[in-house]
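Since the structure comes first, as structure tokens, the remarks are kept for the end.
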Amino acid sequence: MFDRELWHEEFFDQWYLKYWVRPITPQKTDREVDAIVKFLELTCDGKVLDLCCGQGRHSLELARRGYQVVGLDLSENLLAESRRLADQENLPVKFMRADMRDVPFDKEFDGIFNFYTAFGYFESDRENQAVLDGVGRALKPGGRFLLDYPCLEGRMADWKTQEFFEYDDGTIMLHEMHHAVFNQTIKNDVLYITKDNRRHRTGFTLRHYYGRELRCCLAHAGLKVLAVYGDTEGKELTHNDIRVLVLAQKTPE
């Protein structure tokens, strides 16, 4: 059984790479990188941090387009995959291992982004706030932050407590979601069952922040919300949207 307290150190394994990441199409990554470049107003002489870069799909695409990128993640497994892909294409991306609660930079980046639900990993508000505080420290004055995050308001209209997926190799993934309404925490239990009946149990936790809360957390980190969007095209956020893009800027000192 996986360790619920240490899920963020255990979940991002080879199973995650194979069944959560590899089905993502290059076209989806391209659209997301288009949004990152547009909303962060990136220039090729600027520097951008991919916070919780995972296997590096955004970092690598930004590097292909000529941007200066640093990718930060805690998972050695995902970083190894990032570095392998970067070496394969000879892309000049710096990938480094660090905890997102202790971002080791000071006024270094023109832009930072955090994509694919990589915020809210900790049930403690203090720890989640530490992530945003680190973003505030790492940005240059006037630098921008783009957060891609689930929009619970939209998700609740069609909330499912269970779902399953069957993959091309015959593996089935069972996904059960436990929503603790009062403390806004979603605990996810995941079970993989392969065609030859191998089983792998894992899971993850997400502390959900509603918009007003998130705005306050960003303000505490010295970040002012500039805009919120319902998709990567920049459409207005509505109660039907299941994801939100939050664009914030570090206030001048």
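With runs of 4+ DSSP H residues as the only contributors, calculate the mean residue ellipticity of the chain at 222 nm using -39,500 (n - 2.57) per run, divided by the residue total and rounded to the nearest 500. That calculation yields -8000 deg cm²/dmol at 222 nm. Candidate cross-link partners of Lys195 among the aspartates and glutamates, defined by an alpha-carbon separation under 15 Å and a same-chain spacing of 8 or more, comprise Glu166, Asp168, Asp169.
How do His200, His208, His178, His58 line up, fewest other C-beta atoms within 10 Å first?
So the ranking, lowest neighbour count to highest, is His178, His200, His208, His58.
In this structure, the pairs whose alpha-carbon distance is over 29 Å, taken from Lys38/Lys94; Lys38/Lys160; Lys94/Lys140; Lys160/Lys224; Lys18/Lys250, are Lys38/Lys160; Lys160/Lys224; Lys18/Lys250. Neighbours of Lys47, meaning other residues whose beta-carbon lies under 9 angstrom from its beta-carbon, give a summed charge of -2 when Lys and Arg score +1 and Asp and Glu score -1.
Which chymotrypsin sites (Phe, Trp or Tyr not before Pro) in the range 183-228 sit in a loop by DSSP (not H, G, I, E or B) and have at most 16 other Cβ atoms within 10 Å of their own Cβ? Answer in residue order: Tyr210. Available extension along the chain between Ile24 and Cys44 is 4.6 nm, counting 0.36 nm per residue and deducting the alpha carbon span. Summing Lys and Arg as +1 and Asp and Glu as -1 over all other residues whose Cβ lies under 13 Å from the Cβ of Pro92 gives a net charge of +3.
For the chain, what proportion of DSSP beta bridges, expressed in % and rounded to the nearest 5, is antiparallel?
Of those bridges, close to 70 percent are antiparallel.
The separation of the range 212-253 from the range 31-51, counted between C-alpha centres, amounts to 16 Å.
Quick one: net charge of Val246's neighbours, Cβ under 10 Å, K/R +1, D/E -1? Charge balance in the 10 Å sphere: 0.
Just so you know, all these numbers are worked out from the coordinates, no wet-lab data involved. Computed from a prediction, not measured in an experiment: that's the story for all the values here. Cβ: placed from backbone, ideal geometry, glycine included. Neighbour counts: every protein chain shown.
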